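See below for the structure under consideration.
Please treat every number below as a calculation from the coordinates, not as lab data. The structure displayed is predicted, hence computed values, not measured ones. In this analysis, Cβ positions are derived from the backbone assuming ideal geometry, glycine residues included, and neighbour counts consider all displayed protein chains.
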Amino acid sequence: MPKTLYDKLWDSHLVRSEDDGTSLIYIDRHLVHEVTSPQAFEGLKIAHRKPWRTGSVVATADHNTPTTDWDKGIEDPISRLQVETLDANIREFGAKAYFPFLDKRQGIVHVIGPEQGATLPGMTVVCGDSHTSTHGAFACLAHGIGTSEVEHVLATQCLVQKKMKNMLVEVEGKLGPGVSAKDIALALIGQIGTAGGTGYAIEFGGSAVRGLSMEGRMTLCNMAIEAGARAGMVAVDETTINYLEGRAFAPQGEMWDRAVAYWRTLKSDDGAEFDLVVRLNAPEIKPQITWGTSPEMVIPVDGRIPDPEKERDEVRREGMERALVYMGLEPNMAATDIKIDKVFIGSCTNSRIEDLRAAAQVIKGRHVASNVKLAMVVPGSGPVKDQAEKEGLDRIFSEAGFEWRQPGCSMCLAMNNDRLEPGERCASTSNRNFEGRQGAGGRTHLVSPSMAAGAAIAGHFVDVRSAK
Amino acid sequence: MEKFTRLEGIVAPLDRANVDTDAIIPKQFLKSIKRSGFGVNLFDAWRFLDHGEPGMDISTRKPNPDFVLNQPRYEGASILLARKNFGCGSSREHAPWALFDYGIKAVIAPSFGEIFYNNSLKNGLLPIVLADSEVDHLFHEVEAFPGFRLMVDLEQQVVATVDGGTVYRFEIDAFRKHCLLNGLDEIGLTLQHADEIKAFEEQHIAQQPWLFT
Ligand code: SF4
């Protein structure tokens with residue numbers, strides 16, 4: 001029977017399953033960071049258990065680390081304790097690789113995995129972080145897991161799972177200029193809702209997806225979780241293989257050839273059946289902006305803030321009204337009339353080199369608007385930062401009035417000092433616009449890197465398609 | 001993990017859809033390296049009018065009188081009634097830890113964020129999926145009758161009003177139910193299959209040796 005990519009990844013990692021479908025699947029790569037791992041290591045110690053295979057572990061500190069004044073270390077004592085706890089745990093238990101705070105290769109866990117070639121096609125990848133779906137861009141089965149599951153994977157190398165259903169999101173045609181993978185993701189979530197993917201593994205396909213770079217595919221898979229799907233994935237093609245060749249942890253020589261031969265089989269067979277197919281027409285997708293406190297509250301840049309009075313569903317209407325109050329917006333207002341206070345370009349969604357290039361292209365030779373209090377760029381990793389500096393992007397940003405920071409999660413979740421103050425409004429390339437996500441009382445609008453850059457220059461949202 | 005068998009308790013209605021784990025336990029409290037003590041900061045940004053930081057003395061905080069858990073009629077609630085997609089967003093297990101620590105032992109909603117759903121079951125917190133119309137009905141009941149209580153019986157897989165007038169059946173995976181009823185440690189259960197895992201691993205190494213270098 002023809003199989004989907006997800007079926008293949010599932011079958012090739014299935015250790016055992018019970019009659020009711022409860023299964024053990026084997027885990028190839030376990031990414032670890034400081035926030036969701038301390039209690040898991042502690043649990044192992046209390047139970048006198050040893051990790052099953054530390055060779056699967058790749059760790060970094062990213063959520064809590066500062067993005068300025070690295071010479072001063074981590075000033076917040078509680079954040080520092082968490083990072084030091086990770087250092088100690090890795091020292092005690094071991095890992096294949098650890099990129100601690102201050103390491104040149106440190107960065108956001110979902111940026112460094114692929115960048116180092118620690119994420120390879122055909123793998124099962126887990127991490128105590130919901131955006132682990134990012135790695136699916138490499139035809140991996142990648143799940144975000146909770147801390148108990150982190151402990152379970154450390155101890156047994158397996159995850160208890162039931163097979164999900166198959167969803168295909170097919171995006172056909174050519175994206176317009178100024179429209180990116182982020183806009184596909186937001187348009188999809190606008191269409192199916194934040195619970196639309198619940199219970200499914202999403203495969204992204206179609207000519208528009210095949211036309212994306214690996215960076216773009218990672219952005220798309222990253223946002224699968226915001227559509228409710230624990231895993232998103234894209235089939236292997238030349239783009240995948242070209243990206244991986246020569247990466248630090250990628251196989252080499254004869255092993256590389258063997259691996260590539262296998263990787264080429266990692267796609268859905270012709271005639272494979274999906275439980276649900278969602279279609280998007282790429283040329284119709286416009287740059288997107290979220291207006292509310294859930295990623296499904298999204299409109300195209302030429303749209304208007306929706307009017308709750310026109311919503312018939314009571315729960316939805318109340319949700320919209322509450323979101324409008326929180327966001328300080330009025331119904332029917334044009335998206336381009338929304339003025340902003342801060343701009344954040346970063347996060348595991350949009351902090352890779354291509355994202356920084358796209359933003360720099362919009363900014364070049366211009367200056368951040370006077371009403372913008374802070375515009376910052378936080379590269380996803382040390383190597384992204386180095387590459388950007390080699391290309392002179394840091395100068396473009398600095399000359400335009402952006403702050404050029406050290407890598408980390410930063411204002412995506414504001415666990416370090418980078419945050420919004422109550423009432424501040426931000427154009428952000430991150431993935432969550434939840435209440436308080438970027439700082440208590442902060443107001444987040446999710447957009448693509450070029451839309452964030454355009455907003456920084458104008459001081460309000462602009463249609464980057466016409467602003468060029 | 002604590003066993004979950006039967007529960008009877010006051011129901012608190014949280015009438016919002018898409019309640020995310022950032023709202024359940026805001027990020028500033030994730031800096032802890034412990035599993036306990038999150039209950040005082042459950043729904044911190046909604047429950048209090050002042051901004052909460054780790055280590056603050058709760059007796060000096062300003063509770064938000066409008067928030068459901070601060071209303072006297074819901075004091076001591078052990079069952080939370082919620083709308084669709086409860087627990088969406090971040091994978092933080094601190095969310096079920098905070099609910100459990102606060103005293104919530106079951107959450108009823110039409111749907112849940114998947115990672116949250118899983119995390120809850122591993123911590124003795126029972127997430128119960130009921131149909132939209134059933135949840136709607138319960139919201140009306142809770143609001144109409146102060147002191148409204150429900151009974152949850154995991155063995156029978158039912159939620160019922162204490163007078164037995166309304167009984168709703170819910171589904172739960174047999175394995176999860178077994179673990180919850182007996183308070184079983186899942187790692188121990190999985191390790192009973194260590195030989196199978198080893199055998200799988202050997203065959204996996206032979207097929208994709210590059211994954212093991
Ligand atoms: S950048 Fe944001 S979403 Fe990504 S791993 Fe860090 S905190 Fe999570």
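Ordering A:ASN166, A:SER294, A:LEU31 by the projection of their Cα atoms onto the charge dipole of chain A, which places +1 on the Cβ of Lys and Arg and -1 on the Cβ of Asp and Glu, puts A:LEU31 at the extreme positive end. Taken about its Cα centre, the protein assembly as shown carries a charge dipole of about 1000 debye when Lys and Arg each add +1 at the Cβ and Asp and Glu each add -1 at the Cβ.
Applying a DSSP loop filter and a limit of 15 other Cβ atoms within 10 Å to the GluC sites (Glu not before Pro) in the range A:284-331 leaves A:GLU311.
Its relative contact order, with pairs defined as Cα atoms under 8 Å and 6+ residues apart, puts the range B:27-117 at 33 percent.
Annotation: amide H of A:MET233 within the under-5 Å range of A:ILE202, A:GLU203, A:PHE204, sequence separation 5 or more or interchain, hydrogens built in the peptide plane. In the protein assembly as shown, a dipole from Cβ-located charges (positive for Lys and Arg, negative for Asp and Glu) runs towards its positive end, and of B:LEU180, A:PHE461, A:LEU188 it is A:PHE461 whose Cα lies farthest in that direction. Counting Cβ atoms of other protein chains within 10 Å of each residue's Cβ and taking the mean over peptide B:107-118 gives 4.
Listed values for the range A:36-49 are Karplus-derived 3J(HN,Hα) couplings in whole Hz (6.51 cos²θ - 1.76 cosθ + 1.60, θ = phi - 60°), namely 9, 9, x, 5, 6, 5, 4, x, 4, 4, 4, 8, 6, 10, and x replaces Gly and Pro. Taking amide H as placed 1.01 Å from N in the peptide plane, A:TYR98 has its amide H under 5 Å from the amide H of A:ALA59, each at least 5 places away in sequence or on another chain. Rounded to whole numbers, the Karplus 3J(HN,Hα) couplings from phi for the range A:85-100 are 5, 5, 3, 5, 5, 5, 4, 6, 9, x, 6, 5, 8, 9, 10, x Hz, using 6.51 cos²θ - 1.76 cosθ + 1.60 with θ = phi - 60°, and x at Gly and Pro.
Take the alpha carbon gyration tensor of the protein assembly as shown, find the square roots of its eigenvalues, order them as a ≥ b ≥ c, and report rounded if a/c is under 1.5; if not, report prolate when a/b exceeds b/c, else oblate. In terms of gyration-tensor shape, rounded. Counts of other chain beta carbons within 10 angstrom of each beta carbon in peptide A:426-435 average 2. Based on Cα contacts under 8 Å between residues 6+ apart, chain A shows a relative contact order of 17 percent.
Per-residue shielding of B:80-87, expressed as the average number of other chain Cβ atoms within 10 Å of the residue Cβ, stands at 2. Pairs of Cα atoms nearer than 8 Å and 6+ residues apart set the relative contact order; for the range A:4-89 it is 29 percent. Listing A:THR147, A:THR336 from fewest to most neighbouring C-beta atoms within 10 Å gives A:THR336, A:THR147. Per-residue Karplus couplings for the range A:396-407, computed as 6.51 cos²θ - 1.76 cosθ + 1.60 with θ equal to phi - 60°, are listed in order as 4, 5, 4, 5, 7, x, 7, 8, 9, 10, 7, x Hz, Gly and Pro entered as x. Listing A:LYS339, B:LYS84, B:LYS34 from fewest to most neighbouring C-beta atoms within 10 Å gives B:LYS34, A:LYS339, B:LYS84.
State which stretch of chain B is the longest one without any exposed GluC sites (Glu not before Pro), exposure meaning a DSSP loop state and at most 13 other Cβ atoms within 10 Å. Counting at most 13 other Cβ atoms within 10 Å as exposed, the longest clean stretch of chain B is B:76-154.
Ranked by how many other Cβ atoms sit within 10 Å of their own Cβ, fewest first, the residues A:HIS63, A:HIS135, B:HIS193, A:HIS48 fall in the order A:HIS48, B:HIS193, A:HIS63, A:HIS135. Calculated mean residue ellipticity, 222 nm, the protein assembly as shown: -9000 deg cm²/dmol, from DSSP H runs (n ≥ 4) at -39500 (n - 2.57) each, averaged per residue and rounded to 500. Indicate the gyration tensor shape class of the range A:91-225 (rounded, prolate or oblate), computed on the Cα atoms with a ≥ b ≥ c the square roots of the eigenvalues: a/c under 1.5 is rounded; otherwise a/b larger than b/c is prolate and the rest oblate. Oblate is the answer for the range A:91-225, as a/c is 1.5 or above yet b/c matches or exceeds a/b. Only Lys, Arg, Asp and Glu carry charge here, each on its Cβ (+1 for the first two, -1 for the last two); on that basis the range A:248-326 has a dipole of about 240 debye about its Cα centre. In this structure, A:ARG316 and A:ILE46 have a Cβ-Cβ separation that, at R0 = 41 Å, corresponds to a calculated FRET efficiency of about 0.35. For the listed peptides A:2-9, A:113-120, B:52-59, a ranking on the average number of other beta carbons within 10 Å per residue, highest first, reads A:113-120, A:2-9, B:52-59. Which of rounded, prolate or oblate describes the range A:37-170 when judged by the alpha-carbon gyration tensor and an a/c cut-off of 1.5? Oblate.
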